[in-house]
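Report on one structure; see the data block that follows.
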Amino acid sequence: MERRSLGPVALGVGAIGLGCMPMSWAYSTSEQRGETSVRAVHTALDRGVTLLDTADMYGPFTNELLLGRVLKERREDAFVSTKCGLLVGEQHLVANGRPSYIRRACDASLRRLQTDTIDLYQLHRVDPEVPVEETWGAMAELVTAGKVRALGFCAMGARADRRGRSGVHEKTLGQLARVQQVFPVAAVQAELSVWSREALRTLVPWCSARGVGFLAAMPLGNGYLTGRLTTGGGFEPDDLRARHPRFTAEMMAANQPVVAGLRRVAERHGATPAQAALAWLLAQGAHVVPVPGTKKAEWVEENSGAAELALTAEDLAEITALPQAVGSWY
């Protein structure tokens, strides 16, 4: 599989990563099975999908424990990315960027992952009560200590405004400018997909200009762009999509032209809509790494196949011209 680099330390990863969150967080609890997920991770590594993206809050903690089972056997095959700075409460999430907490969180993640070093340690959320420079400085100390190889920054805020106005990522850009003065950013992670393109206007160019990697989160639109979701099929109560307006029966029906367009392009190449969506992302820059989330080996195989899908200029233009998704996230 094609190799891509993340940031100034040139950390090579496969062209497509594996988002491990669905294995133990946010999607259909009834379908989350440890052995199935372990097979999916092994399949990813076998296919050259080296970047495994997780976070201590997924589960919480159980996602890292699951990956640790695989890393104990195959650490040299993997590029390990995890996150810190976000705690799970009873009915809410709380940011914690205090340096003392960051240091404890890293040590705990290392134990759960059964590794001595985290390849990419990402700040999941900025704590509004702590200057981001202090949080980032504590993370930089972890690099000096040899516990972490590089630092990443997760961008938030895109879902707050879906009407195309400027400034969607303005706050994140300001924070990135501040932390860059403390220690180099190796990668930025934010939502980016065919139906959610805000990052293309700001964050992707910012990363390109500085040699920083971009991890495209939710590259398949939380599963919608695969074409597998049935309009009106409903979701389990604990599934994040059950509370998102874009996943009501009405909005899913209204956005079918997006999936239809991907399917039209994909069929010309004997591919799937998901593969067309991922291949379009790969064409957005050599520093862009889609990180689709899944918990089944068969979908890992399908997603990884997108790296071999050669879309033509006409294909790319056709996908780019697809209508923007309708329906706000809020």
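The values are calculated or read from the model by the stated rules, or taken from the named source; none is laboratory data. Every value quoted in this text rests on a predicted model; they were computed, and no experiment measured them. So basically every Cβ, Gly included, is an ideal-geometry build from the backbone, and we count neighbours across all protein chains shown. Heads up: the accessible areas ignore ligands, DNA and RNA and are worked out on the full protein's heavy atoms, side chains in. Shrake-Rupley method; radii C 1.70, N 1.55, O 1.52, S 1.80 Å.
So here's what we get for this one:
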| quantity | calculated |
| --- | --- |
| Residue among Gly261, Gly270, Gly233 that alone is small (Gly, Ala, Ser), modelled with pLDDT under 95 and more than 17 Å from Ile16 (Cβ to Cβ) | Gly233 |
| In the stretch 190-206, the residues that are open to solvent by 10 Å² or more (accessible area, probe 1.4 Å) and either among the acidic types (Asp, Glu) or assigned to a loop (DSSP other than H, G, I, E, B) (or both) | Glu191, Arg197, Glu198, Thr202 |
| Counted residues, the stretch 286-315 - those being open to solvent by 20 Å² or more (accessible area, probe 1.4 Å) and either touching a strand residue (DSSP E or B) at 6+ places or on another chain (Cβ under 7 Å) or outside any loop (DSSP other than H, G, I, E, B) (or both) | 12 |
| Residues of the stretch 173-186 that turn out to be in contact with a helix residue (DSSP H, G or I) (Cβ under 8 Å, 6 or more places away or on another chain) and open to solvent by less than 20 Å² (accessible area, probe 1.4 Å), as a count | 3 |
| Count of the stretch 246-268 residues which are part of a loop (DSSP other than H, G, I, E, B) and within 16 Å of Ser193 (Cα to Cα) | 1 |
| Qualifying residue in the stretch 54-63 (condition: under 20 Å from Leu6 (Cα atoms) and either of a type in the set (Gly, Ala, Ser) or in contact with a strand residue (DSSP E or B) (Cβ under 8 Å, 6 or more places away or on another chain) (or both)) | yes |
